[in-house]
Amino acid sequence: MKIAVIAGDGIGSEVVKEALKVLKTIGSKFNINYEVEEFPYGADYFLETGISIPQEAFTEWPKKFTAILFGAVGDPRVKPNDYAKEILLGIRTKLDLYVNLRPVKLLDKQYCPLKNKTEEDVNFVVVRENIEDIYINSGGNFKKGTKDEVAIENSLHTRKGVERVIRYAFEYANENKLSSVLMSDKSNAMVYVGDLWQRVFNEVAEEYPHIEKRHMYIDALHMELIRDPSQFEVIVTSNIFGDILTDSAAQIQGGMGLAASGNINPESTHFRGLYEPVHGSAPMIAGKNIANPIASILSLAMLLQDHGYKKEASIIQGAVKAVINKGKVTVDLGGNCSTSEIGDLVCQEIQNN
Ligand code: ATP
């Protein structure tokens, strides 16, 4: 494993530090051969140099590294935050990391805001398309600043883009012996885009007759997510719906501090992807050693899993669960542990495993 690390801004650097601690612990315990190179990209670097991220990250890194471990970017000193978009959306797009995989797993029922739900009820993944939709920065305005102002934002969906992410969702279900894939859209209102997603979903589903294909409109899905999350195994959806859905989903697994993600290109055999917590740089709580590092640590587990270190990934997940189950948590979960204490406790659990 050759890992490029961009810790980034705010709590990004604090949580990645703990993930790297965990990597060191698991690496030495199981003799994992890895190299880490840390890069300073983020607000400070941008303010000093005017560069968000050098072009070589897009051209050379996929050959040089096998993954990126990412914290978060975003800083109130820099507005608009184009530098942050150039870094994160730049890597996702230029490296064609078209799947955003977000596991939603409750580790301790006391952190679920839904009444009477247990660990068995909240355990699914969201496969979010990661490149297209409204994130392509296409649109414009007319008569800006006047009362006749018009603004247009284009949402782009390609046959190729829709097909490959839907196929990935079925492949994921297949590999993990799951019985259903649910596609969510708003095809009753977005007729053209919805029609494309519907047709492609039905076509790809035919290749997997043993997997149940389900559909829900995105608004209905949000209702069902709160009413009965146990019915979901794999949910596949477009970029913007996935963005919104996974923030809600993060809450039912205990909050942003616990939600991990992988930005991956399943076809790429050398470079696996970029792994990051779902949360942002949270400037309000940055620099206080109170951020929850679990999302970053679980993102590291996903990185290891994608390099074939399945046992090690599950040991990290087990260690995280053990720490949480002992009530050792940060302030976002009602505890009083610091960021670094949680990192240390996870490492201890791994050592004692
Ligand atoms: P973005 O604009 O990228 O969504 P943001 O900085 O506006 O990012 P987040 O950082 O995702 O928003 O989080 C919103 C709030 O959730 C934070 O202000 C913070 O209170 C809480 N939060 C997020 N991540 C964590 C964490 N790891 N530990 C504790 N609290 C967190």
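The values are calculated or read from the model by the stated rules, or taken from the named source; none is laboratory data. Please read these numbers as outputs of a predicted model, since none were measured by experiment. Here the Cβ is made from the backbone with ideal geometry for all residues, glycine too, and neighbour counts use every protein chain on show.
From the residues in region 311-332 that are more than 23 Å from A7 (Cα to Cα) and touching a helix residue (DSSP H, G or I) at 6+ places or on another chain (Cβ under 7 Å), which one is farthest from the ligand (Cβ to nearest atom)? So that I can check it myself, show each step before the final result.
We begin by selecting, within region 311-332, every residue more than 23 Å from A7 (Cα to Cα); these are 311, 314-315, 318, 321-328.
In the following step, the residues that additionally are touching a helix residue (DSSP H, G or I) at 6+ places or on another chain (Cβ under 7 Å) were identified as 315, 322-323, 328.
Working: I315: 22, A322: 19, V323: 15, K328: 14 Å.
Top of the filtered list is I315.
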Given the residues E341, E276, which is the only one that is modelled with pLDDT of 95 or more, within 16 Å of the ligand (Cβ to nearest atom) and surrounded by fewer than 20 Cβ atoms within 10 Å (Cβ to Cβ)? E341
Only one of these is assigned to a helix (DSSP H, G or I), at pLDDT 95 or above and under 17 Å from the mean Cα position of the chain (by Cα): I235, I244. Name it. I244
For region 209-228, does any single residue satisfy the condition of being surrounded by fewer than 14 Cβ atoms within 10 Å (Cβ to Cβ), modelled with pLDDT of 95 or more, under 22 Å from N137 (Cβ atoms) and not aromatic (F, W, Y)? no
Which numbered condition K79 misses (of (1) free of Cβ contacts under 8 Å to residues at least 24 places away in the same chain; (2) within 16 Å of the ligand (Cβ to nearest atom); (3) closer than 21 Å to K17 by Cα): (3)
Of L23, L69, the only residue that is within 16 Å of the ligand (Cβ to nearest atom) and in the same structural domain as S299 (by TED's automatic domain parsing) is L69
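Being of a type outside the set (K, R), surrounded by fewer than 24 Cβ atoms within 10 Å (Cβ to Cβ), within 22 Å of K328 (Cβ to Cβ) and within 11 Å of the ligand (Cβ to nearest atom) is the requirement here; does A282 meet it?
Working: of a type outside the set (K, R): yes; surrounded by fewer than 24 Cβ atoms within 10 Å (Cβ to Cβ): yes; within 22 Å of K328 (Cβ to Cβ): yes; within 11 Å of the ligand (Cβ to nearest atom): yes.
Spelling it out, A282 is indeed of a type outside the set (K, R), surrounded by fewer than 24 Cβ atoms within 10 Å (Cβ to Cβ), within 22 Å of K328 (Cβ to Cβ) and within 11 Å of the ligand (Cβ to nearest atom).
So is K115 surrounded by fewer than 23 Cβ atoms within 10 Å (Cβ to Cβ), assigned by TED's automatic domain parsing to the domain that holds K21 and without any contact (Cβ under 8 Å) to a residue 12 or more places away in the chain or not?
Values: surrounded by fewer than 23 Cβ atoms within 10 Å (Cβ to Cβ): yes; assigned by TED's automatic domain parsing to the domain that holds K21: no; without any contact (Cβ under 8 Å) to a residue 12 or more places away in the chain: yes.
It is false that K115 is surrounded by fewer than 23 Cβ atoms within 10 Å (Cβ to Cβ), assigned by TED's automatic domain parsing to the domain that holds K21 and without any contact (Cβ under 8 Å) to a residue 12 or more places away in the chain.
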For region 25-58 the number of residues that are among the basic types (K, R) and without any contact (Cβ under 8 Å) to a residue 60 or more places away in the chain is 0
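Output the number of residues of region 285-310 satisfying the condition of being away from the ligand (no atom under 15 Å from the Cβ) and in contact (Cβ under 8 Å) with a residue 40 or more places away in the chain.
As a first pass, look at region 285-310 and keep what is away from the ligand (no atom under 15 Å from the Cβ): 301-310.
Subset that is in contact (Cβ under 8 Å) with a residue 40 or more places away in the chain: 301-304, 306-307, 309.
Result for region 285-310: 7.
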So L89 clears everything in (1) at pLDDT below 95; (2) out of contact with any helix residue (DSSP H, G or I) (no Cβ under 9 Å at 6 or more places or on another chain); (3) surrounded by fewer than 17 Cβ atoms within 10 Å (Cβ to Cβ) except one condition, right? Which one? (2)
Close pairs from region 224-236: first touching a residue at least 24 places away in the same chain (Cβ under 8 Å), partner of a type in the set (D, E, K, R), Cβ under 6 Å, at least 6 apart: P229/D121; S230/D121
Identify, by number, the condition in (1) within 16 Å of the ligand (Cβ to nearest atom); (2) of a type in the set (S, T, Y); (3) closer than 17 Å to K2 by Cα that S268 doesn't meet. (1)
